[in-house]
Structure formats: C-alpha cells, structure tokens
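A.B. asks: Please find one structure pasted underneath; my questions will follow.
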Amino acid sequence: MAMSYLFALILVMDIIVSGWRFGVDGLSMNYYIMNCPFAEGIIKNTVNMALQSDPTLAAGLVRMHFHDCFVEGCDGSVLIDSTKGNTAEKDSPANLSLRGYEIIDKAKEEIEKQCPGVVSCADIVAMAARDAVFFAGGPVYDIPKGRKDGRRSKIEDTINLPSPTLNSSELITMFGQRGFTAQDMVALSGAHTLGVARCSSFKHRLSNFDTTNNVDPTLDAQFAKTLSKTCSGGDNAEQAFDSTRNSFDNDYFYALQRKNGVLFSDQTLFASGRTRGIVYGYAMNQAMFFLDFQQAMVKMSRLDVKEGSKGEVRDNCRQIN
C-alpha cells in the first residue's frame, strides 16, 4: 500500500514538473536552467543598469515587446535591420520611435560569451520587457522561455499594429482576433502608464476632428490646450501619457477618468460603455490592474511563437543567420 502511494506521488510530481518545464507550445519557465543558467541574471543586470542611466527606456522595452509580438508573433522580428533588398519592420512609421535596441544588443553580447547560440533574441526581448516593468515599480511576474527567432521582417506586416485612431470596438475586435478579451486589452493598454506619445499620433484630435466637432469631444477642454501647446513644437514633440511617465502604476486610468487620455485609442476606453467599467476598476484598485496586466503579458508572450525548425537562434539580433 505504501509503495503504491509512493509510486503515485512520484508520478504526480513528475507530471507537475514536466508541465512546469514544457508548456503546450514548447515554452517553459526553466528552459535555460541547464544550458544557460546565467541568462536571466545577465538580462536583469543589463536592463537595470540601462534604466538607472535612463529611466525612460522602460517604456521603450515594453513597447518593443508589444510591437514584436503583434507582428509575426514573439519572434524578435522587430530587431532586424533593413537591407538593400528588404525594408524591415523597424523602419515602419509605427516603429520609428521604438527605443532600447542597444539594451537587447548588450544583453545578447554578454550572453553569447557565456553560452553561444543558445538564447534567442525573441526571449531576450520578452524578458527585458518583464524586467523593465519590475524596475519601473510594476508587478513581479515570470514568463515561459524557449521562443525561436523568426526569419521574416517586412515593413508591410506592421499594418497589424493597432492604430492610435482606433475606437474601443475596433480595439476589442483586433485584440480578440489574437485571443485577448476586452479586459486583457484594457490591461495591456495600461502599459501607457510608461512613456510618451508624439504629437503626430494625437494632433488629429485637436482640429477638424469630424464633421460635427473641431476638437475631439471626449477630450477635456483644458487638456486639449495642453496638447495643442505640445504640438506647437512640431510632430515629434512629446506628451507624457500620465503624470508619472517613468513609474509603472495606475495613474494612466485616473487620467482617462479626467478625459486626459493622450491618444484617441486611450480615451476611447473610458468613452465606451463596453470598457468604462474596467477603467474604473483599475483606477480604484492598482493591485487588480497589476494582476490582470501580468496575466495578459504572459498570454501575449505566447503569441505565434516559433519553435524547432520554424525559427532559429540568431548570432546577431539585427540580422538573420
């Protein structure tokens, strides 16, 4: 009887460990534990040092991960440089303001010294975003590893990135096509608690908005003046999404309640009855936002991952092997 119980216990533990190591898509939390155990530490240290020098890079790393995963899946395709015969994703207008490539390069260089040809650039991007959230004061969470790097990066594929002019219904549809709920979408939008937007992304809200309104009616009148003043500096002038641009918190959702959302795609989350309640919830309960955000980020990190022969581990994150 005791032996049968022991055997059953060992079997259950084996199933648990196997499930922890290998997910349904081939990813696992401890993917590098044997073949590159220092990889995660190297990435954490690299991100930490970079953010100590320039805290604004946290927003860049989180945005890079999002822009990578929404185009061709989480495969590091956003890192690839354009060549004479191919214009890559990073040269799309939607990606010209991306920042933090040098952090990925630095982490990759250090990891290659320890275990060459093992850790993918796609995994480095995903882990760097996770660490950036933590060092900016956001939730602690882990993501499964084992992504391979993709071999395709084309500017035309960036049409799949959400536009700042989309309304709530359009956002729900676009995110839904990738398996996200409306709640996931609002939680992921909360990443805008970090960083800034350029005038070119919101100036359409400030004049000739539609046939009825000159200024976007979902925009607070005083904040509209603030945005107009920002845009007096030109299309590349920057406006922070909320009052704590380098801190990961729920201030973004407070801003939406005050009709101070910078992008139309931000304010629509509060303007729409389908998502307003979620915004209220996150504004009142930061812990709930953190929990939903980390779960949505883990889900996003699994988007269309490459495995086996479908991908590779790049020697240089900026070019295909």
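A.B. asks: Taking θ = phi - 60°, what integer Hz values does the Karplus form 6.51 cos²θ - 1.76 cosθ + 1.60 yield along the range 150-162, in sequence order, with x for Gly and Pro?
C.D. replies: Values per residue, Gly and Pro as x: x, 10, 10, 8, 10, 4, 5, 6, 6, 4, 7, 7, x Hz.
A.B. asks: Moving on to the next point. Would you list which aspartates and glutamates come within 20 Å of K229, measuring only between C-alpha atoms, while excluding same-chain residues fewer than 8 positions from it?
C.D. replies: In chain and number order, the partners are D216, D220, E238, D242, D266.
A.B. asks: When the helices in the chain are scored as -39500 (n - 2.57) per DSSP H run of 4 or longer and the sum is shared across all residues, what 222 nm value do you end up with, to the nearest 500 deg cm²/dmol?
C.D. replies: Mean residue ellipticity at 222 nm (helix-derived): -14000 deg cm²/dmol.
A.B. asks: Quick one: which of 119-131, 92-104, 294-306, 250-262 comes out on top by average Cβ neighbours within 10 Å, and what's the full order, highest first?
C.D. replies: Listed from highest to lowest mean packing, they are 119-131, 250-262, 294-306, 92-104.
A.B. asks: Right, something else. What's the whole-number percent of alpha carbon pairs in the range 121-163 lying beyond 14 angstrom?
C.D. replies: More than 14 Å apart: 62 percent of the Cα pairs in the range 121-163.
A.B. asks: Ok, one more. What is the packing order of peptides 26-33, 190-197, taking the mean over residues of other C-beta atoms within 10 Å and listing the highest first?
C.D. replies: My ranking of the peptides, most packed first, is 190-197, 26-33.
A.B. asks: Follow-up. Amide H neighbours of N86 under 5 Å, counting only residues 5+ apart in sequence or on other chains, H built in-plane at 1.01 Å?
C.D. replies: Residues meeting the amide H criterion: none.
A.B. asks: If you don't mind, another one. Viscosity 0.890 mPa s, temperature 25 °C: Stokes-Einstein D of the chain from its Kirkwood Cα radius, in µm² per second?
C.D. replies: Value of D from the Cα-based Kirkwood radius: 118 µm²/s.
A.B. asks: Give me a comma-separated list of calculated 3J(HN,Hα) values for the range 53-65, in order, Karplus coefficients 6.51, -1.76, 1.60 applied at θ = phi - 60°, integers in Hz, x for any Gly or Pro.
C.D. replies: 7, 8, x, 5, 6, 4, 4, x, 5, 5, 5, 4, 4
A.B. asks: Related question: Just to check I understand the Karplus step: with θ = phi - 60° and J = 6.51 cos²θ - 1.76 cosθ + 1.60, what whole-Hz values come out for the range 293-309, glycine and proline as x?
C.D. replies: Each residue of the range 293-309 in turn: 5, 5, 5, 5, 5, 5, 4, 5, 5, 9, 4, 6, 5, 8, 9, x, 6 Hz.
A.B. asks: Next question, about the same structure. For K90, go through the lysines and keep the ones whose alpha-carbon is under 20 Å away, minus same-chain ones fewer than eight residues off.
C.D. replies: Those lysines meeting the cut-off are K106, K108, K148, K154, K306.
A.B. asks: Percent relative contact order of the chain, based on C-alpha pairs within less than 8 angstrom and at least six residues apart?
C.D. replies: Computed value for the chain: 24 percent relative contact order.
A.B. asks: If I fit a long axis through the Cα atoms of helix 221-231 and take the longest principal axis of the Cα atoms of the chain, what angle between them do I get, 0 to 90°, rounded to 10?
C.D. replies: 70 degrees
Since every read-out is calculated from the coordinates, none of them should be taken as a lab result. Note that the structure is a prediction, hence the values are computed from the model and not measured. Cβ atoms come from the backbone with ideal geometry, glycine included; neighbour counts cover every protein chain shown.
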